[in-house]
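All of the numbers you see were taken from the coordinates with simple rules; none came from a lab. It should be emphasised that the depicted structure is a prediction, and the values quoted were computed from it without experimental measurement. Reconstructed Cβ throughout: ideal geometry from the backbone, glycine too, with neighbour counts over all protein chains shown.
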Amino acid sequence: MTRLALPDDLPLVAALEVESLPADAWSSDYLGRAIAGELPTIEVWVSEDLTAYAVVSVLYDVTELQRLGVRQDARRSGAATRLVRDLAADLAARDVERMVLEVRVDNIGARAFYDRLGFRELSQRAGYYADGTDAYVLEWVIR
Ligand SMILES: CC(C)(COP(=O)(O)OP(=O)(O)OC[C@H]1O[C@@H](n2cnc3c(N)ncnc32)[C@H](O)[C@@H]1OP(=O)(O)O)[C@@H](O)C(=O)NCCC(=O)NCCS
């Protein structure tokens with residue numbers, strides 16, 4: 001099951017964030033504000049077993065997938081696929097039409113994951129990341 005994160009989930013979500021996206025991890029404080037609904041447009045979602053999380057920004061017909069991670073020992077078992085599909089279904093029911101995201105060109109695993117889900121390349125952004133790495137901008141039509 002996929003659900004919105006609750007305040008009690010913060011320690012595990014913050015741990016997943018550091019484990020998954022260590023180069024630019026959001027702070028626990030910032031994630032706590034996101035979970036509390038204090039950041040406009042931002043929603044934090046988790047799998048019921050708290051092995052996977054996602055953060056989206058929802059703006060009218062478009063959502064941006066800002067963070068996505070799965071605990072290392074739970075990867076390649078479909079957790080992220082279930083989470084993102086459940087999330088997309090919830091968003092589509094709210095009239096959101098497209099999901100977009102940026103992914104590092106050197107993140108081969110994530111690129112394979114998004115490709116398998118049905119994301120397509122929209123554009124590239126040169127030097128998008130702090131270390132100078134380029135980004136692909138991907139889009140998935142969810143509705
Ligand atoms: C990318 C990530 C979220 C995928 O989560 P996951 O739960 O392991 O993904 P799934 O099990 O749902 O994978 C579904 C399919 O995607 C592809 N895939 C997923 N991870 C892959 C990898 N590392 N290498 C190649 N293909 C991969 C495979 O086709 C996989 O199906 P298969 O296992 O039957 O071959 C996870 O590896 C992760 O947390 N990475 C670190 C954080 C990150 O990079 N986030 C994205 C930032 S843009």
(message) Given a Förster distance of 25 Å, report the FRET efficiency between ARG85 and GLU38 from their Cβ-Cβ distance, rounded to the nearest 0.05.
(response) 0.35
(request) Diagonalise the Cα gyration tensor of region 64-116 and give the resulting equivalent ellipsoid semi-axes, square root of 5 times each eigenvalue, largest first, whole Å. (result) 20, 15, 9
(message) Taking R0 as 35 Å, what FRET efficiency do you get between GLU48 and ALA130 from their Cβ-Cβ distance, rounded to the nearest 0.05?
(response) 0.55
(message) For LEU83, LEU12, LEU6, which order do you get if you count the other beta carbons within 10 Å of each Cβ and list the fewest first?
(response) LEU6, LEU12, LEU83
(message) Test of understanding: ordering VAL13, VAL58, VAL96, VAL18 by Cβ neighbours within 10 Å, fewest first, what list do you get?
(response) VAL18, VAL58, VAL96, VAL13
(request) Calculate, in nm to one decimal, what SER77 and SER27 gain on full extension: separation in residues at 0.36 nm each, minus their alpha carbon distance. (result) 15.3 nm
(request) Calculate, for ALA92 and GLU121, the FRET efficiency according to 1/(1 + (r/R0)^6) with r their C-beta to C-beta distance and R0 22 Å; round to the nearest 0.05. (result) 0.55
(message) With every atom except the alpha carbons ignored, what do you get for Rg and Dmax of the chain, in angstroms?
(response) 14.3, 38
(request) Mind sorting ARG111, ARG94 by how few other Cβ atoms lie within 10 Å of their own Cβ, fewest first? (result) ARG94, ARG111
